[in-house]
1. Is there a residue in the stretch 59-69 that is on the phi > 0 side of the Ramachandran plot and more than 13 Å from the chain's Cα centre (by Cα)?
2. Picking from Arg21, Arg17, which residue would you name as being open to solvent by 30 Å² or more (accessible area, probe 1.4 Å) and of a type in the set (Lys, Arg)?
3. Out of all the residues in the stretch 26-44, is one or more charged (D, E, K, R), part of a strand (DSSP E or B) and open to solvent by less than 60 Å² (accessible area, probe 1.4 Å)?
4. Of all residues in the stretch 45-67, count the ones that are under 20 Å from Leu2 (Cβ atoms) and open to solvent by 20 Å² or more (accessible area, probe 1.4 Å).
5. Only one of Ala33, Ala71, Ala81, Ala26 is within 20 Å of Asn94 (Cα to Cα) and either touching a residue at least 24 places away in the same chain (Cβ under 8 Å) or not aromatic (Phe, Trp, Tyr) (or both); which?
6. Return yes or no: is Gly52 within 12 Å of the chain's Cα centre (by Cα) and closer than 19 Å to Leu18 by Cβ?
7. Within the stretch 84-97, restricting attention to residues that are of a type outside the set (A, V, I, L, M, F, W, C) and free of Cβ contacts under 8 Å to residues at least 40 places away in the same chain, which residue is most open to solvent (accessible area, probe 1.4 Å)?
8. Of the residues that sit in the stretch 74-97 and are among the charged types (D, E, K, R) and out of contact with any Leu (no Cβ under 8 Å at 6 or more places or on another chain), which one is modelled with the highest pLDDT?
Amino acid sequence: MLFALLCTDKPGALQLRLDTRPDHIAYLNDLNAKGILKIAGPFLGEDGKPTGSLVIVKAETIEEAGAIAEADPYAKAGLFANVEIKAYNWVFNNPEA
């Protein structure tokens with residue numbers, strides 16, 4: 001099953017995001033190598049700077065998806081004000097369909 005991790009950055013936390021980005025990218029690369037990561041990228045504000053993240057992962061349960069979200073270096077660093085996890089059905093342009 002797929003889950004969307006909808007992550008919203010804390011206000012004024014851009015520098016924390018930038019400082020933590022190398023560890024975050026390494027984490028996502030590891031998830032990708034394991035076949036867990038499906039889609040990832042930042043939400044952008046009107047100024048074009050990141051304001052959050054969308055990460056779609058494959059997991060057996062919402063609890064497993066939550067553990068994936070909590071292990072993200074961004075989450076561990078306290079970047080996110082909120083993380084919402086929703087079951088997701090990839091209908092259009094899914095390369096695995």
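1. Taking the stretch 59-69 and keeping what is on the phi > 0 side of the Ramachandran plot, we get none.
No, the stretch 59-69 has no match at all.
2. Working: Arg17 fails: open to solvent by 30 Å² or more (accessible area, probe 1.4 Å).
Being open to solvent by 30 Å² or more (accessible area, probe 1.4 Å) and of a type in the set (Lys, Arg) holds for just one of Arg21, Arg17, which is Arg21.
3. Of the residues in the stretch 26-44, the ones charged (D, E, K, R) are 30, 34, 38.
From what's left, part of a strand (DSSP E or B): 38.
Of the ones still in play, those that are also open to solvent by less than 60 Å² (accessible area, probe 1.4 Å) are 38.
The answer is yes, given that some residue of the stretch 26-44 is charged (D, E, K, R), part of a strand (DSSP E or B) and open to solvent by less than 60 Å² (accessible area, probe 1.4 Å).
4. Narrowing the stretch 45-67 to residues under 20 Å from Leu2 (Cβ atoms): 52-67.
Keeping just the survivors that are open to solvent by 20 Å² or more (accessible area, probe 1.4 Å) gives 54, 58, 60-64, 67.
Residues that pass the stated criteria total 8.
5. On the way: Ala71 fails: within 20 Å of Asn94 (Cα to Cα); Ala81 fails: within 20 Å of Asn94 (Cα to Cα); Ala26 fails: within 20 Å of Asn94 (Cα to Cα).
Going through Ala33, Ala71, Ala81, Ala26 in turn, just one is within 20 Å of Asn94 (Cα to Cα) and either touching a residue at least 24 places away in the same chain (Cβ under 8 Å) or not aromatic (Phe, Trp, Tyr) (or both): Ala33.
6. Working: within 12 Å of the chain's Cα centre (by Cα): yes; closer than 19 Å to Leu18 by Cβ: yes.
Yes; evaluated as a whole, the condition is true for this residue.
7. Pass one, the stretch 84-97, residues of a type outside the set (A, V, I, L, M, F, W, C): 84, 86, 88-89, 93-96.
Add one more test, that the residue is free of Cβ contacts under 8 Å to residues at least 40 places away in the same chain, and what stays is 93-96.
Working: Asn93: 143, Asn94: 35, Pro95: 107, Glu96: 122 Å².
Among those that are of a type outside the set (A, V, I, L, M, F, W, C) and free of Cβ contacts under 8 Å to residues at least 40 places away in the same chain, it is Asn93.
8. Of all residues in the stretch 74-97, those among the charged types (D, E, K, R) come to 76, 84, 86, 96.
Still in the running and out of contact with any Leu (no Cβ under 8 Å at 6 or more places or on another chain): 76, 96.
Numbers: Lys76: 98, Glu96: 84.
Among them, the one singled out is Lys76.
The values are calculated or read from the model by the stated rules, or taken from the named source; none is laboratory data. Remember, it's a predicted structure, so these values are computed and weren't measured experimentally. Please note: Cβ atoms are built from the backbone with ideal geometry, for glycine as well, and neighbour counts cover all protein chains shown. The area values use the complete protein model at the heavy-atom level, side chains included, leaving out ligands, DNA and RNA. Shrake-Rupley method; radii C 1.70, N 1.55, O 1.52, S 1.80 Å.
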